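Here's the structure we're looking at; comments come further down.
The values are calculated or read from the model by the stated rules, or taken from the named source; none is laboratory data. Not measured: the values here are computed from a predicted model. So basically every Cβ, Gly included, is an ideal-geometry build from the backbone, and we count neighbours across all protein chains shown.
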Amino acid sequence: MLTQIKFGTSGWRAVMAEEFTFATVRRAVGGVARYVASQKPQGARVIVGRDPRFLGETFCSMAAEILAAHGITPVVVTEPAPTPAFAYAVVQTKADGVINFTASHNPPQYNGIKFSMPDGCPALPEVTKKIETEIEAGDGAVAAMGAPAESDGGVAKESLDPKPGYLKRLRETVDLDVIRKANLQVCFDPMWGAARGYSDDLLRDVGVKVATVHDYRDVLFGGRAPEPDDHLLGDLREEMRATRAHIGIATDGDADRFGIVDADGTFVQPNYVIALLFDYLVESRGWKNGVAKSVATTNLINAVAKARGVELYETPVGFKYIGELIMQDKIAIGGEESAGLSIRHHVPEKDGVLAGLLCCEMVARRGKSLGEQLKALCNQVGSYHPRRENFRLTAEVKEKFTEKLRFDPREFCGRRVSEVVRRDGLKLLFEDGSWVCYRLSGTEPVVRVYSEARSEQGLEMLSAAARQWIFE
C-alpha cells in the first residue's frame, strides 16, 4: 500500500528512508508538476531549491527531471538558500512556483517539501488539496501504465542565485546605517542552516561587527534539531559573552524562523519579539494599517494594537493566512508564536533573517536592550505571560478528548468561560483576560496547549488547569 502524502500548514515532512524516500519524492513532485501544468499548460517555470540537509542536491536533480518530463522548465538553485529568499525570487523572476526541499526546524532525520505560489505565499489548503489529488491520480496512472518516461532533455533547465536580489531587498527594508552608527556588536547563529552567509554577510558589508557560530555545513545539525529555541542556543550565548555582544540573532534550518537573545543572555520569547517589533514599526515607519497574529499568539499584541489605534486580525495557525493579509497590504506586521513573522511590502512568507535584522535595528535606534524595551512596553499596556506545552495522549485519552473538544464549555476547572473561539482548535477566554487554546496534532497523538495569563502566578495556575482538563 502506498504511503499517503499529506501537505500540512507548512508542506509535507517525513523521516528519510521511512516515508521520505526516492519513490515518495517522485510521487510528490509529480503531483506538484501536474498541478502546475493544469494551471499553465504551456511555458511554466518552477524554481527548485533546498536547505543543507542530507541528499538535498539529489532531490533537486530528481525534481528537475520530473518537472522537465511534464513540460515544465526547472529553475535550479545550486546552493542552499533561505525559504524567504525563494519567496522573493519567485515573484521577481515571475516563476510559477517553488519546490523547496526542507524540513525547516525538524530534526536531521527529517526532510520535506514546501510548495510556494507565484506570489511568494505558502500554498493555501485549496491548492495543497489539489496537489494531493494529483498525487493520487499519478499513483493510479503508474499502476495502470507503469512509470512515466524520464525527460529526453528537450526542456531546457535554468539556474538561479537568489542571494543577491534578496539581500538587496533586505538593504531596502532594514536601516543598516542605524545599526552601524550605533557600533552594535552582533552574534549570529545560522544553526548550520540555509542562512549561512546571509545575515552576517549583509551586516559585515556595511561595517557592523559580527561573530558567527555554526558557520559550516553539517547535515546532522550538531546532532539536534536546527531550531532557534532557548535550550539550543548555548553556543550563541557563549560567543556573545566572549565578544560582549549587544544582541544574538539565530535562524532555523531554512531560515524562516528566528531566535533572539538579549545582551544579558536572556532568550526573548517570539511572542514578545513580535509585539516589540509591531510597536517599533508603528513608531519608526508610521505604519498603522493593521497587525495580524495567529489565534495562539499573545494578547500583548492586542493591547499594543489598542494603544496604537491599529486594527487587529486574528488568523488560524499557519503563516499562509498572514501572508494573504500582507499581499492585500492590510497589515504592517504579522506573526506567530512559533517564531515566524514578516512585514509590509516584504515577502508574504515567514522571514527569520529579516526578524533578526529588524531586532538589531530596533536595539540600535532605541539605544536600549530588548529587556528594557519589553519592560517599558508592559508598563504602558500591561503584562502578558504566554506558554506553549505539548501533551502526548494515549489512544483512549485522545478519543475521549477529541469528543470533548466538540462542545463549547461554559465552565473550565471552576472558571466561567466568557467566550469560545473556534478559529483554529478550541480557544477559551476568561473574564480576567487569560485564555487557553487546544489544538490536536494532525500527524501524532499530541495536543498542543497554548495558555496566557496576566501574571506569572496566574500562568502557573492556568497551565495546571489546562493539563487537568485534558486528562480529567
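Does segment 196-217 contain at least one residue that is assigned to a loop (DSSP other than H, G, I, E, B), surrounded by 13 or more Cβ atoms within 10 Å (Cβ to Cβ) and of a type in the set (Asp, Glu)? Scanning segment 196-217 turns up at least one residue that is assigned to a loop (DSSP other than H, G, I, E, B), surrounded by 13 or more Cβ atoms within 10 Å (Cβ to Cβ) and of a type in the set (Asp, Glu).
For every residue, the table says whether it meets (1) buried (at least 23 other Cβ atoms within 10 Å of the Cβ); (2) among the charged types (D, E, K, R); (3) under 24 Å from the mean Cα position of the chain (by Cα); (4) closer than 24 Å to residue 319 by Cβ.
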position	(1), (2), (3), (4)
37	no, no, no, no
55	no, no, yes, no
63	yes, no, yes, yes
116	yes, no, yes, yes
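Among the residues of segment 74-93, those identified as in contact with a Pro (Cβ under 8 Å, 6 or more places away or on another chain) and farther than 14 Å from residue 159 by Cα are 85, 87, 88, 91.
Figure legend. Inter-residue proximity from segment 380-401: first residues touching a residue at least 12 places away in the same chain (Cβ under 8 Å), second residues surrounded by 15 or more Cβ atoms within 10 Å (Cβ to Cβ) and acidic (Asp, Glu), beta-carbon distance below 7 Å, spacing 6+ or different chains. Indicated pairs: 384/452; 385/452; 386/337; 386/452; 388/337.
In summary, residue 96 fulfils each of the numbered conditions (1) surrounded by fewer than 20 Cβ atoms within 10 Å (Cβ to Cβ); (2) of a type in the set (Asp, Glu); (3) closer than 23 Å to residue 129 by Cα with the single exception of condition (1). If you filter segment 274-297 down to residues that are of a type in the set (Ser, Thr, Tyr) and surrounded by fewer than 23 Cβ atoms within 10 Å (Cβ to Cβ), you find that the one that is nearest to residue 426 (Cα to Cα) is 280. For segment 305-313, does any single residue satisfy the condition of being under 20 Å from the mean Cα position of the chain (by Cα), surrounded by fewer than 20 Cβ atoms within 10 Å (Cβ to Cβ) and at pLDDT 95 or above? Yes, segment 305-313 contains a residue that is under 20 Å from the mean Cα position of the chain (by Cα), surrounded by fewer than 20 Cβ atoms within 10 Å (Cβ to Cβ) and at pLDDT 95 or above.
Evaluation of residue 81 against the conditions (1) in a strand (DSSP E or B); (2) over 20 Å from residue 33 (Cβ atoms) shows that the sole unmet condition is (1). With respect to the conditions (1) more than 21 Å from the chain's Cα centre (by Cα); (2) assigned to a helix (DSSP H, G or I); (3) of a type outside the set (S, T, N, Q); (4) at pLDDT 95 or above, residue 167 lacks only one, and its number is (1).
Of all residues in segment 427-451, those that are closer than 15 Å to residue 409 by Cβ have Cβ atoms under 9 Å from Cβ atoms of residues that are of a type in the set (A, V, I, L, M, F, W, C) and assigned to a loop (DSSP other than H, G, I, E, B), 6 or more apart or on another chain, in 427/295; 427/296; 437/295; 437/296; 438/405.
Does residue 388 satisfy being assigned to a strand (DSSP E or B) and either farther than 30 Å from residue 463 by Cβ or touching a Phe, Trp or Tyr at 6+ places or on another chain (Cβ under 6 Å) (or both)? It is true that residue 388 is assigned to a strand (DSSP E or B) and either farther than 30 Å from residue 463 by Cβ or touching a Phe, Trp or Tyr at 6+ places or on another chain (Cβ under 6 Å) (or both). Entry remark, segment 15-35: residues being surrounded by 19 or more Cβ atoms within 10 Å (Cβ to Cβ) and either at pLDDT below 95 or among the aromatic types (Phe, Trp, Tyr) (or both) number 2 in total. State yes or no: is residue 44 touching a helix residue (DSSP H, G or I) at 6+ places or on another chain (Cβ under 8 Å), crowded, with 23+ Cβ neighbours inside 10 Å and of a type in the set (Gly, Ala, Ser)? Answer is no for this residue. Listed by position, the strands (runs of 3 or more DSSP E) contained in segment 290-365 that have at least 2 residues being under 16 Å from residue 377 (Cβ atoms) and touching a helix residue (DSSP H, G or I) at 6+ places or on another chain (Cβ under 8 Å) are 291-294, 333-336. Tell me yes or no: at least one residue of segment 55-74 is of a type in the set (Ser, Thr, Tyr) and either part of a loop (DSSP other than H, G, I, E, B) or at pLDDT below 95 (or both). No, segment 55-74 has no match at all. Among the residues making up segment 452-472, those that are polar (S, T, N, Q), in contact (Cβ under 8 Å) with a residue 12 or more places away in the chain and part of a helix (DSSP H, G or I) are 463, 468. Contact map, segment 351-365: first residue surrounded by fewer than 24 Cβ atoms within 10 Å (Cβ to Cβ), second residue part of a helix (DSSP H, G or I) and not charged (D, E, K, R), Cβ cut-off under 6 Å, separation 6 or more or different chains; pairs are 361/178; 361/179; 364/178; 364/179; 365/178. Does residue 225 meet the test of being touching a residue at least 12 places away in the same chain (Cβ under 8 Å), assigned to a loop (DSSP other than H, G, I, E, B) and surrounded by 21 or more Cβ atoms within 10 Å (Cβ to Cβ)? So residue 225 does not fit the description; no. Under the condition of being outside any loop (DSSP other than H, G, I, E, B) and surrounded by fewer than 19 Cβ atoms within 10 Å (Cβ to Cβ), the residues counted in segment 366-380 number 8. Of the residues that make up segment 367-380, is at least one assigned by TED's automatic domain parsing to the domain that holds residue 249 and at positive phi? Within segment 367-380 (the criterion being assigned by TED's automatic domain parsing to the domain that holds residue 249 and at positive phi), the answer is yes, since at least one residue qualifies.
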